[in-house]
Amino acid sequence: METKKIMDDPGSPAFDEKAFFDDLQSIWDDHAQRVDRIVEAHPAESVSIKGFTRFAKRGYKRSSVYIELILLTLAAAVYWAVIIPTLAYTTLALVASLIVEAVYILLIAAGLGGKISRRRLAAACMAAVFSLVVVSCTTTGIDGITITQNHPGRVQAVDNVANTLTQL
Amino acid sequence: MLRQSRRIIYRICLAFTDRKPDNVNDLYQDIACKLWLGWSKFRKESDVTSWVYRVALNTAVSEQRKWRNKDRPVFVAIDESLCDSLAEESADQRLEHLYRLIDRLSKDEKKLIYLYFDRLPFAQIAVVAGISESAAKQHIYRIKQKIIKLHQKEMEN
């Protein structure tokens, strides 16, 4: 193969499309043959059925999402429990805290999985909703009266957001 | 099946990674796992080679899992020196130029041109890609034109 052919300028009249692809093909064929020889020179790999079975039982690329979801829910619940009573007195503060939580959840999702995928984002969103429900139920059950008395704006802010969402 | 297909899988691993031994190994494990899990569902509507190509290429272009060493499953005990030898073999200037052109194509285009360069007949390319033979020919023609344009741009730069 002549390297010159490949380096020919496709814009020039001398450029030969067929020769160009013939050259690419010959590079590919040479490479494929050498790879095949290298692979053949090494003994065939032993296949670990045990490894397959263990991994298949664990669930390939699936079960980890549920674990992430649980961890995210717990993390988000902690966030709501700590931040909301002190911060969300107004609708604006509640929206701001939602944004902060979104970033917080993204960071956790990235930390858990190493990469943010659509699946992890979906899990993070579900975690946010679940945690809000969990914390709302918990705070109402334990000291909802205290919070309402001390921070009546919190309840009003949640109502405002709910009303806006309903109107949408 | 895995042993018979190892040459195909290694070639795909080299074409769809950055040719670093660890990444070649990771993709090989991923493909081996997908083939193993899919083998029981293989309906033998196509020949085994086409099926291996389809599964391996789909795995190669899908989101790849980056295994940490301690997490890396060992489905297939790969000799490390083999991955090193393959990485060395791929460090060729002309080959890098070719890979650079292919890397700039979309995922589907990469799959089709890979099959074309691997000298599969159009009928088999169509089976692997799940399209008609005439569509495969049209796609390959367009991809070749795109490669020429990419090469042209590279020459200008």
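What the table below lists for this structure:
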{"read-out": "Computed label-point distance, nm, for sites residue B:138 and residue A:19 using a 7 Å Cα→Cβ extension", "value": "3.2"}
{"read-out": "Neighbour-count order for B:28, B:99, B:53, fewest beta carbons within 10 angstrom listed first", "value": "B:99, B:28, B:53"}
{"read-out": "Sorted by Cβ neighbour density within 10 Å, fewest at the top, the residues B:13, B:33", "value": "B:33, B:13"}
{"read-out": "Set B:110/B:153; B:107/B:137; A:18/B:107; B:41/B:110; B:41/B:137; B:20/B:146 screened for pairs whose C-alpha atoms are more than 22 Å apart", "value": "A:18/B:107; B:41/B:110; B:41/B:137; B:20/B:146"}
{"read-out": "Cα gyration tensor category, rounded, prolate or oblate, for chain B with a/c compared to 1.5", "value": "oblate"}
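Every number here is computed from the coordinates shown, using simple stated rules; none is lab data. If you're wondering where the values come from, they're calculated on a predicted model, not measured in any experiment. Cβ atoms come from the backbone with ideal geometry, glycine included; neighbour counts cover every protein chain shown.
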